[in-house]
Each structure stands twice: as C-alpha cells, then as structure tokens.
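Here is the structure we will look at.
The values are calculated or read from the model by the stated rules, or taken from the named source; none is laboratory data. These numbers come from a predicted model, not from an experiment. Virtual Cβ from ideal backbone geometry, glycine too; neighbours counted across all protein chains shown.
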Amino acid sequence: MLISRSVGALAKHDETIEEIFFIEQHKRSLWRKLSFACRIMNRYDNVYLLQPNSVNLFFAAVCNAKNKQFLSIYTRRWYHGIFYLTADGTVEHGKKTLSVTNYLKLADRSLTWQDSPKHATKPLFKPATYPAILDKPDVIRIGISIAAGNKAKTVPPVIWKRIIDRLADLPCEFYVFGAPDEQSWLDDITALTVIFLMSLTSSAKSLSKIFRGRFPGWIVISRLIQAMSILPMQ
C-alpha cells in the first residue's frame, strides 16, 4: 500500500495491510521516482488507485498488473488521460458521490458503503493510555476534518460558523484533525470564531501550546496520524 505518512499510524495498526510504502520517500526527485517505479513494476496482480494525483497516477500506470482500476475525479488535468489509458477500468467520482462507495466500486461495481462499514483500523486499535483531556464526563465529542481532501468538498468557514452557533448551547468538544499545511484554513475559521486551541506535539505523546479564547471546547490535533498513536478511535 502506497500512502502518505499522515495516515501511517493507522496503517501500522491494520492487519489487512501487508506492506507499507510512504509516498513522501519516493517523490522527492526524479531518480527516486524511477527507482520506486522499477521496484513495484511487476510485483502486483491488482492495482487500485484511490487518489489520482499526478505522482500516484504515474506509479499506478507503470505497474504491469493484470487488473488496474483507477478513480477518476472531476478535477483531473488534461495530461492525466495518458495515464488513464493504462487502466482496465475507471470509477467516476463526482461532487455528490460518497468517496467510500467509489473506493469499494474499484474492487466490485456492485458494492456501496453499506457493504463495508468504515473502520479506523482492523482490528480496532485501542491504546492502553490516552490524554486525560479525553476523559471529560458529560461532553459531546465531535471529530471534524479541516479539509476534505479536495477544495470542492471542503466546508467553508462561514458554514463552520453556522454549525458552531447552532451547537453553542450544548456541551460539545470538537476534535479538529488536520495537517500542518492546512493551518491557513484553520486561520480562516478562527477569523470568524475565536476558539480554544490545544495542539499535540509532533510525537503526539504530550499536550502543548495552549491558546485560550472565548469559545471553549475546540481541540486541534496537529496530525491525524500522529494522534492515532494515543487516541482511541470510536
């Protein structure tokens, strides 16, 4: 499985994954890309492409697999068509279609999200210890992602403001997951709503950098992957 380091902690605790490659290690230079392409070229019978950006499309295209199924997104660039010529099948992903359903359709066109409920890890990984902040009684825990993976499906700040206002009377705690490069998107949200920030250190083993504001109940976790090493998933 070729994935980003941002979900590495999830993958390492999933028994359905036999081998993990991190894209960050193999896209740094042309030499690294070519070396990795040669490494995976004739190793697999089935290739499923879930995130068809330029680099991922290249790696999927060079694989000499018997069955290659690619997700086709509405933001694809014109030259991506060259890589799609190597696919045995494609699944069209639109603005109003569920990602999970389309991922499953890569393996079987008859499947939907109801046939395979989402899970964080299999089996579910439950850390022995976790931050005391998660032990608060009588609160409603809500986990959200700053970005949706593409800008077209990312919830705009004005909508977050509306959601916050609607839930203001309830004892809610929001766990905001996002990568460091999404800080600007979080800044757009805080421009509308002053929030209480609590971020994890890069090792996700202790809490640090507490910023106080007028809206308690927001916890911002710097990296979803890193946080998974200590946070129990429900």
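Observations, loosely collected:
- Qualifying position, being aliphatic (A, V, I, L, M) and outside any helix (DSSP H, G or I), among Ile159, Ile144, Ile164: Ile144
- Scan of segment 51-92 for residues that are assigned to a loop (DSSP other than H, G, I, E, B) and aromatic (Phe, Trp, Tyr), ordered by number: Tyr74, Trp78, Tyr79
- Filter result (in contact with a His (Cβ under 9 Å, 6 or more places away or on another chain) and under 30 Å from Arg39 (Cβ atoms)) within segment 62-102: Leu71, Ser72, Ile73, Ser99, Asn102
- Scanning segment 98-135 for residues that are assigned to a loop (DSSP other than H, G, I, E, B), in contact with an Asp or Glu (Cβ under 7 Å, 6 or more places away or on another chain) and surrounded by 12 or more Cβ atoms within 10 Å (Cβ to Cβ) yields a single hit, Thr121.
- Any hit, segment 109-129, residues being in contact with a strand residue (DSSP E or B) (Cβ under 7 Å, 6 or more places away or on another chain) and outside the structural domain of Arg76 (by TED's automatic domain parsing): no
- Close pairs from segment 165-192: first in the same structural domain as Ile140 (by TED's automatic domain parsing), partner crowded, with 17+ Cβ neighbours inside 10 Å and of a type in the set (Gly, Ala, Ser), Cβ under 6 Å, at least 6 apart: Cys172/Gly217; Glu173/Gly217; Ala179/Ser6
- Candidates are the residues of segment 115-132 that are closer than 15 Å to Ile17 by Cα and of a type in the set (A, V, I, L, M, F, W, C); the one that is nearest to the chain's Cα centre (by Cα) is Ala120.
- Once segment 11-38 is narrowed to residues that are touching a strand residue (DSSP E or B) at 6+ places or on another chain (Cβ under 9 Å) and in a helix (DSSP H, G or I), the residue that is nearest to Asn64 (Cα to Cα) is Phe36.
- Being under 14 Å from Leu50 (Cα atoms) and of a type outside the set (Gly, Ala, Ser) is not true of Lys96.
- Those residues of segment 39-50 which are in a loop (DSSP other than H, G, I, E, B) and either loosely packed, with under 12 Cβ neighbours inside 10 Å or not hydrophobic (A, V, I, L, M, F, W, C) (or both), in sequence order: Asn42, Arg43, Tyr44, Asp45
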